[in-house]
Amino acid sequence: MRASTVDLVADTARAAAARRTMVWTAGGLATAATVAGGWLAPPDAVQGPAQRLMYLHVPAAWVAYAAFAVVLAASGAYLVGGELRWDRFARAGAEIGVVLTAVAIATGSLWGRLVWGAWWAWDPRLVSTALLLLAYAGYLALRRAVSDRTDVRDGDDHRVARPAALVGILGFLLVPVVHFSVVWWRSLHQQATVFAPQRPPIDPRMALALLLAVAAATLAALCVLLHRVVRLERRLAADAPRTADRVPARVG
């Protein structure tokens, strides 16, 4: 017997129910992460309670990487197959990535103020993350500019999708620069904690809280991605008749 599958971006009752289940699951994980990070996990021996910002800062940064990976994969799929739905995934991924990168920078600045005594330092990780934010904000601005200049709908026209796909792919080159900046250059930023065998192991309670926070952020971002694509396609479908009415009929 073959298992049935659900197209999670379909505008159907069954797909909507599946998306609601994902939202409730993400909420449960977020609640568990809040309890584990706020009460179960101990404060850091050196940084004290300020270290608890890790349970927001790290998931935001990692899921931003994942969102930009969606832009990379969807842009590549669009260039190979020419299907505009992939372009809509790329746009939604970039929107999520920009928001989460801004969250990572904001929480990192607060963390730095509490630990380093400064809101900002010209640190390789901070500078490269700011450049990553500007790159994908520029990607979204490019989409808007091309859409306005050509008077076409963003998400439903190849004249927007083609240049956006190229910029989306090139922008991802900054992601490994951001991630490995603490290794390649002298940095105030803390290096890897979980995947660093040469460092003392992280407290299991901290690791559990961080794992729950990353899982919650990942699933929540996936829910937003799916919801955004559904909304884009629904809006484009609703605008299609009005756009057709503005196109003059051909004579002869």
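Modelled label-to-label distance, Asp203 and Leu166, 7 Å Cα→beta-carbon offset: nm?
Using points 7 Å along Cα→Cβ, the separation is 5.2 nm.
Can you work out ³J(HN,Hα) from phi for every residue in segment 152-158, in order, using Karplus 6.51 cos²θ - 1.76 cosθ + 1.60 and θ = phi - 60°, giving whole Hz and x for Gly and Pro?
Each residue's phi maps through the Karplus curve to give 10, 8, 5, x, 9, 8, 5 Hz.
Work out, in µm²/s and without decimals, the Stokes-Einstein translational diffusion coefficient of segment 119-179 at 10 °C, 1.306 mPa s, Rh from Kirkwood over C-alpha pairs.
Here the translational diffusion coefficient equals 125 µm²/s.
Using just the alpha carbons, could you tell me how many Å³ per residue the convex hull of segment 34-76 encloses? Please report the intermediate quantities before stating the final value.
Working: hull volume 2.9 nm³, N = 43.
Considering the Cα atoms of segment 34-76, their hull volume per residue is 67 Å³.
With label points built 7 Å along Cα→Cβ from the Cα atoms of Leu134 and Trp122, find their separation and express it in nm.
For the pair Leu134/Trp122, the computed spacing is 1.3 nm.
Per residue of segment 48-53, in order, report the coupling 6.51 cos²θ - 1.76 cosθ + 1.60 (Karplus, θ = phi - 60°) as ³J(HN,Hα) in whole Hz, putting x for Gly and Pro.
x, x, 4, 5, 5, 4
With every protein chain kept in place and ligands, DNA and RNA left out, what is the accessible area per residue of segment 1-62? Probe 1.4 Å, answer in Å². Can you show the working numbers first?
Working: 3910 Å² over 62 residues.
Solvent-accessible surface per residue comes out at 63 Å².
Express the carbon and sulfur contribution to the solvent-accessible surface of segment 12-139 as a percent, rounded to the nearest whole number, probe 1.4 angstrom. Intermediate results must be reported in sequence, preceding the final value.
Details: 4440 of 6030 Å².
Reported share for carbon and sulfur atoms: 74 percent.
Give me the Debye-computed log₁₀ of I(q)/I(0) at q = 0.13, 0.15, 0.21, 0.22 Å⁻¹ for segment 60-176, equal point scatterers on Cα only, no solvent, two decimals.
-0.51, -0.63, -1.03, -1.10
Taking θ = phi - 60°, what integer Hz values does the Karplus form 6.51 cos²θ - 1.76 cosθ + 1.60 yield along segment 162-179, in sequence order, with x for Gly and Pro?
Karplus-based 3J(HN,Hα) across segment 162-179 equals 5, x, 5, 4, 5, 5, x, 5, 5, x, 5, 4, 6, 4, x, 5, 4, 5 Hz.
With the Cα gyration tensor of segment 81-142 in hand, convert its eigenvalues to equivalent ellipsoid semi-axes via √(5λ) and list them largest first in whole Å.
Sorted largest first and rounded, they come to 31, 11, 7 Å.
Write down Rg/Rh for segment 1-141, rounded to two decimals, with Rg from the C-alpha atoms and Rh from the Kirkwood relation over Cα pairs. Let's see the in-between values first.
Numbers: Rg = 18.8 Å, Rh = 17.7 Å.
Rounded to two decimals, Rg over Rh is 1.07.
The values are calculated or read from the model by the stated rules, or taken from the named source; none is laboratory data. Everything numeric here is computed off the predicted structure, so don't read it as measured data. When we count neighbours, we look across all protein chains shown, and the Cβ atoms used for this are built from the backbone with ideal geometry, even at glycine. Accessible surface is based on the protein model in full, side chains and every heavy atom, while ligands, DNA and RNA are left aside. Shrake-Rupley method; radii C 1.70, N 1.55, O 1.52, S 1.80 Å.
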